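Q: What follows is a single structure, and I will ask about it in a moment.
The values are calculated or read from the model by the stated rules, or taken from the named source; none is laboratory data. Note that the coordinates shown come from a computational prediction; the quantities given were computed from them, not determined experimentally. Using ideal geometry, Cβ is built from the backbone for each residue, glycine included, and neighbour counts are taken over all protein chains shown. Each accessible area value is taken on the protein alone, full model and side chains, heavy atoms only, with ligands, DNA and RNA left out. Shrake-Rupley method; radii C 1.70, N 1.55, O 1.52, S 1.80 Å.
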Amino acid sequence: MSRVGATAVLAAMVVLVSACKRENKEAAGGEAAAPAAGKRSGGKIALLLPESKTSRYESHDRPHFERKVKELCPDCEVIYSNADQDASKQQSQTEAALTNGAQVLVLDPVDSASAAAMVARARQSKVPVISYDRLITNSDVDYYISFDNEKVGKLQGQALLDKLKADGKDKGTIVMINGAPTDNNAKLFKAGAHSVLDGSGLVVGAEYDTPDWSPDKAQQQMEQAVTSLGKDKIAGVYAANDGTAGGAIAAMKAAGVNPLPPVTGQDAELAGIQRVIAGEQFMTVYKAIKPEAEVAAELAVALLRGQVPEGKVNAKVNNGQKDVPSILLPPVAVTKENVKSTIVADGFWKAEEICSGSYKDACASAQIQ
């Protein structure tokens, strides 16, 4: 997808037509739970994020969401919590938000399955729930906002396969370091990657699921793979995100793997982009978090006001209980060649942030500055 095309798609999806400016007096088929009674000029929205090991949540999701809510509803209060990858803690945070009068929950679950109990608790209070970024499974959730996550895995798998074909290593052995088994998105990334890699001629020599998306655990897994397969026998590494990619790269460097094989990633974290520029990580997947957070804020404010969002839903995703009205945004594969035209051009990271310290020469080579 061209950058212009992607921008047009994103713009179309973040417009609320007239829903954010007027009260819709009719419910649409009972799709969303009725919000708790509150002032039309303000109210309380809870934003419940899952963890901070992935830098995007504190550096992008939260500030973009809070800013957009403030823009749309100056008198609204955002009740914010981060669960630090603890499902029990998130359960307590959800209960506290409801007790504190939250009228809409925007919930990115630590555990996609156990979060169903949080949705049920919100339902008891007639509080609508937006499943944000990760799908809450087997629950009566009202809306789901994310990216096409199976496509994310396909982009990663295809990029790795194409690179290995270009290098003449399309029959080689790869290591797969997947995400957290409790994260439904991780299952979709994995399925998407396997749909490309299975039957491609590549051999999966070792495969791991990474608890908590922990870079340290990914590093340990990669150390095991290097020991069992041999440091010169690994043609490529499928890493599900930039954190696990960083762990895998650290393990290979410590083991003396040189040159490093192509390694995938996701989230366009600053450290990940710097590794891409430096040639240590082959690619990442850029998910435009600003429009994701903004459309979540727009939807939350609309639900708070008792309105039915129009012109936003572009898909339905089955969560095991229902077909959830969904807003899915397009992911973009990023390599050294298009960092400038995507990450920098969109303002996701500034050139001076990427090109600091030891990355100045790599940036100059990649014409980032």
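Q: Can you tell me how much longer the chain between Val204 and Ala271 gets when fully stretched, taken as 0.36 nm per residue apart minus their C-alpha distance, in nm with one decimal? Walk me through the numbers on the way to the answer.
A: Values: separation 67, 0.36 × 67 = 24.12 nm, distance 2.66 nm.
Residue separation times 0.36 nm, minus the Cα-Cα distance, leaves 21.5 nm.
Q: Would the range 160-265 count as rounded, prolate or oblate if I go by the C-alpha gyration tensor, calling it rounded below 1.5 in a/c and otherwise prolate when a/b exceeds b/c, oblate otherwise?
A: Cα axes put the range 160-265 in the oblate bin.
Q: Throw me the Rg/Rh for the chain, computed over C-alpha atoms with Kirkwood Rh, two decimals.
A: Details: Rg = 21.0 Å, Rh = 21.2 Å.
Rg/Rh for the chain comes to 0.99.
Q: How big is the gap, in Å, between the Cα center of the range 184-198 and the Cα center of the range 84-115?
A: Using only Cα atoms, the two centres lie 27 Å from each other.
Q: Right, something else. Plugging the Kirkwood radius over Cα pairs into Stokes-Einstein for the range 237-313, at a temperature of 10 °C and a viscosity of 1.306 mPa s, what D comes out in µm²/s?
A: 110
Q: Rounded to the nearest 20 debye, what is the charge dipole size of the range 86-236 about its Cα centre when +1 sits on each Lys and Arg Cβ and -1 on each Asp and Glu Cβ?
A: With Lys and Arg at +1 and Asp and Glu at -1, about 200 debye.
Q: Let me ask another. Take the range 251-369, compute every pairwise Cα distance, and split them into 5 Å bins from 0; I just need the percent in each bin.
A: 2, 10, 16, 16, 14, 11, 10, 8, 7, 4, 1, 0
Q: Run the 1.4 Å probe and let me know the accessible area of Asp212, rounded to the nearest 10 Å².
A: Number for this one is 50 Å².
Q: What percent antiparallel are the DSSP beta bridges of the chain, to the nearest 5?
A: 20
Q: Which trypsin sites (Lys or Arg not before Pro) in the range 307-340 sit in a loop by DSSP (not H, G, I, E or B) and have at most 16 other Cβ atoms within 10 Å of their own Cβ?
A: Of the trypsin sites (Lys or Arg not before Pro), the ones in loops of the range 307-340 whose Cβ has at most 16 other Cβ atoms within 10 Å are Lys322.
Q: State which stretch of the chain is the longest one without any exposed GluC sites (Glu not before Pro), exposure meaning a DSSP loop state and at most 16 other Cβ atoms within 10 Å.
A: The answer is 32-309.
Q: Using a simple spin-label model with points 7 Å from Cα along the Cα→Cβ vector, what separation in nm is obtained for Asp162 and Glu352?
A: Simple spin-label model gives 3.4 nm for this pair.
Q: Additional query: Springs between alpha-carbon pairs under 10 angstrom, Gaussian network model over the chain: which of Gly311, Gly201, Gly168 fluctuates most?
A: Sorting by GNM fluctuation, first place goes to Gly168.
Q: Taking a threshold of 18 Å on the Cα-Cα distance, which of the pairs Lys44/Lys322; Lys165/Lys190; Lys44/Lys70; Lys190/Lys231; Lys163/Lys233; Lys287/Lys350 fall above it?
A: Among Lys44/Lys322; Lys165/Lys190; Lys44/Lys70; Lys190/Lys231; Lys163/Lys233; Lys287/Lys350, the Cα-Cα distance tops 18 Å for Lys44/Lys322; Lys165/Lys190; Lys190/Lys231.
Q: Rounded to the nearest 500 deg cm²/dmol, what is the calculated helix-only ellipticity per residue at 222 nm for the chain, with -39500 (n - 2.57) per DSSP H run of length n ≥ 4?
A: -11500 deg cm²/dmol
Q: Find the all-direction average of the projected area of the Cα convex hull for the range 140-186, expressing the result in square nanometres with one decimal place.
A: Projected area, direction-averaged: 4.4 nm².
Q: Take the alpha carbon gyration tensor of the range 72-213, find the square roots of its eigenvalues, order them as a ≥ b ≥ c, and report rounded if a/c is under 1.5; if not, report prolate when a/b exceeds b/c, else oblate.
A: Prolate is the answer for the range 72-213, as a/c is 1.5 or above and a/b outweighs b/c.
Q: Ranked from the most accessible area to the least, with a 1.4 Å probe and all protein chains present, what is the order of Lys151, Lys190?
A: Ranking Lys151, Lys190 by accessible area, largest first, yields Lys151, Lys190.
Q: Whole Å is fine, so just give me how far the alpha carbon centre of the range 123-155 lies from that of the range 205-277.
A: Each part's Cα centre sits 29 Å from the other's.
Q: Oh, and also: If DNA, RNA and ligands are ignored and the probe is 1.4 Å, what is the ranking of Ser88, Ser326, Ser52 by accessible area, most exposed first?
A: The ranking, largest first, comes out as Ser88, Ser52, Ser326.
Q: Continuing with the same structure: Grab the beta carbon distance between Asp86 and Asn138, set R0 = 22 Å, and tell me the FRET efficiency rounded to 0.05.
A: Calculated transfer efficiency: 0.60.
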